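To keep things clear, I will list the structure first and then write my remarks on it.
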Amino acid sequence: MEIRNLRNVLLREMVPARLASFVLRVSLAAAFFIAGCGAPGEPTPPSPPIPVAVTDLSAHQAGDGVQLIFTLPKKTVTGDRLVAPPAVEIVRGVAKPDGSPDPKSFRVVYTIPGALVENYLSEGHVKFTDPVAPAETRARPGGSLIYVVRARASQKRASANSNAVSVRMFPVPEPIAQVDARVTESAIELSWPAPPPTSGGHPLQGFSGYHIYRGELDAASAQGASTDLSKGKWKSPLDLLASSDQNTYRDTLFDFGKTYAYIVRSVMLVDGNPLESADSAPAIVTPLDTFPPAAPQNLVGAVLPGAAPDSVLVDLSWAINLESDLAGYRVYRSEQPDMRGALLTPDLLLAPAYRDTTVKPGHRYWYSVTAVDRAGNESQPSAAVVVDVAKPSS
């Protein structure tokens, strides 16, 4: 009886252990099977990001080069946002005599590293000028160059090609070597040499005048931009200011104290379309107002009774100055002819009139007036007026 009970106890203890062991073996086998079905072979690395293709590439001849304009991709082909600006490859080829692209001629002529792309951003677009050797244009005047661009976020794979654009290239005038600027009170006067031959060495034909461009620079960056405008910090970028058929121009729409950069481009007509040369050497000028107002005119003086009994004063008046930057007037008095004398008005007078209440009977006074502008420039004195203050009668 005791032996039967002991056997039953042992069986009760062993069955759960065997069942647990069986369940564990089945679970491990299932896990191995599932893992084997889900990931066969070696793990695959993540695919490199591929930017979307540029779709708005445009181009035009700019001097001896071609300016390309396009929007920089910001997303990948899978819709993910690019974490950094991609590099840009500029691809150039030529057209066959029948106008179709020559596939064998296409090659990458320049690569803009991603870290430098922002240097070419302007108004939300990349603007890059591909220089073309004048000898190449001279060999094929009117020949077409064809461009596409590609964006690359990794070394392994670039985007698809952009839309293709075609540009006909013609010899243009050589850049103007120097632009001189002279500041006057009413204008910044620009002048430059007459146009030289084309950059291809041909006589200049189809010349139609000049385009004058102006931009405003931060004054602190002006010195560095004197030979290379790309080193300047722009307050407002270069924009077409005017056209001229002469090699001079007067800019009357300026403000004293601002720093301006000017460039001039020669213009020639090709098939009725204007074609500009490359930029001239820049002219950078900060016009300062060193021009005093005109001397006041028509100064007159009269002796009038003062406020106190037996007192007198000298009443002065003159014609108003017409300068737009006039700040006020100063009045001087002397007891000697041909001398300016003492300043009676330490604060500028806003109106062309003054009453001198400090005169003494029996004295002769010479008065003069000057005009002062907002820059602090003081005019020459007006013609003096002499006033005799009589002694009171006994």
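The values are calculated or read from the model by the stated rules, or taken from the named source; none is laboratory data. What you see is a predicted model; the values in this text were computed from it and never measured. Methodologically, a virtual Cβ is constructed for each residue, glycine included, from the backbone with ideal geometry; neighbour enumeration extends over all protein chains shown. Areas reflect the complete protein model, heavy atoms only, side chains present, ligands, DNA and RNA absent. Shrake-Rupley method; radii C 1.70, N 1.55, O 1.52, S 1.80 Å.
Based on what the data block shows, is residue 236 of a type outside the set (Asp, Glu) and in contact with an Asp or Glu (Cβ under 7 Å, 6 or more places away or on another chain)? The answer is yes for residue 236. Going by the conditions given, is residue 267 open to solvent by less than 50 Å² (accessible area, probe 1.4 Å) and either assigned to a strand (DSSP E or B) or more than 19 Å from residue 363 (Cα to Cα) (or both)? Considered against the rule, which asks whether it is open to solvent by less than 50 Å² (accessible area, probe 1.4 Å) and either assigned to a strand (DSSP E or B) or more than 19 Å from residue 363 (Cα to Cα) (or both), residue 267 comes out as yes. I want to confirm something. Restricting to region 325-347 and keeping residues that are on the phi > 0 side of the Ramachandran plot and more than 46 Å from the chain's Cα centre (by Cα), which single residue is modelled with the lowest pLDDT? Among residues in region 325-347 that are on the phi > 0 side of the Ramachandran plot and more than 46 Å from the chain's Cα centre (by Cα), the one modelled with the lowest pLDDT is 338.
Across region 126-141, a minimum of one residue is classified as touching a helix residue (DSSP H, G or I) at 6+ places or on another chain (Cβ under 8 Å), among the β-branched types (Val, Ile, Thr) and on the phi < 0 side of the Ramachandran plot.
Residues that are touching a Leu at 6+ places or on another chain (Cβ under 9 Å): which strands (runs of 3 or more DSSP E) entirely in region 53-151 hold 1 or more of them?
58-62, 65-70, 87-94, 125-131
Residue check: residue 297 meets all listed conditions (1) of a type outside the set (Lys, Arg); (2) open to solvent by 40 Å² or more (accessible area, probe 1.4 Å); (3) at pLDDT 95 or above; (4) not in a loop (DSSP other than H, G, I, E, B) but one, namely (4).
When region 132-160 is limited to residues that are polar (S, T, N, Q) and more than 17 Å from residue 107 (Cβ to Cβ), the one that is surrounded by the fewest Cβ atoms within 10 Å (Cβ to Cβ) turns out to be 155.
Mind telling me which of the residues 116, 121, 145, 190 ends up being closer than 30 Å to residue 324 by Cα, aliphatic (A, V, I, L, M) and out of contact with any Pro (no Cβ under 8 Å at 6 or more places or on another chain)?
Only one candidate passes the filter, namely 190.
For region 61-88, name all the residues that are open to solvent by 30 Å² or more (accessible area, probe 1.4 Å) and either at pLDDT below 95 or more than 21 Å from the chain's Cα centre (by Cα) (or both). Across region 61-88, the qualifying residues are 62, 64, 74, 75, 77, 78, 79, 80, 81, 83, 84, 85. Pairing residues of region 117-139 that are more than 15 Å from residue 89 (Cα to Cα) and hydrophobic (A, V, I, L, M, F, W, C) with residues that are modelled with pLDDT of 90 or more and open to solvent by 40 Å² or more (accessible area, probe 1.4 Å), at Cβ distances under 7 Å and at least 6 apart in sequence or on separate chains, gives no pairs at all. When region 352-367 is limited to residues that are open to solvent by 10 Å² or more (accessible area, probe 1.4 Å) and either in contact with a helix residue (DSSP H, G or I) (Cβ under 6 Å, 6 or more places away or on another chain) or of a type in the set (Ser, Thr, Tyr) (or both), the one that is nearest to residue 257 (Cα to Cα) turns out to be 354.
Determine if region 283-293 includes at least one residue that is in contact (Cβ under 8 Å) with a residue 24 or more places away in the chain and more than 23 Å from residue 184 (Cα to Cα). No. Screening region 169-183 for residues that are of a type in the set (D, E, K, R) and in a strand (DSSP E or B) and picking the one that is least open to solvent (accessible area, probe 1.4 Å) gives 180. Taking residues in region 351-379 that are within 16 Å of residue 185 (Cα to Cα) and among the basic types (Lys, Arg), and partners anywhere that are open to solvent by 20 Å² or more (accessible area, probe 1.4 Å) and at pLDDT 95 or above, the pairs with Cβ atoms closer than 7 Å and at least 6 places apart or on different chains are 374/327.
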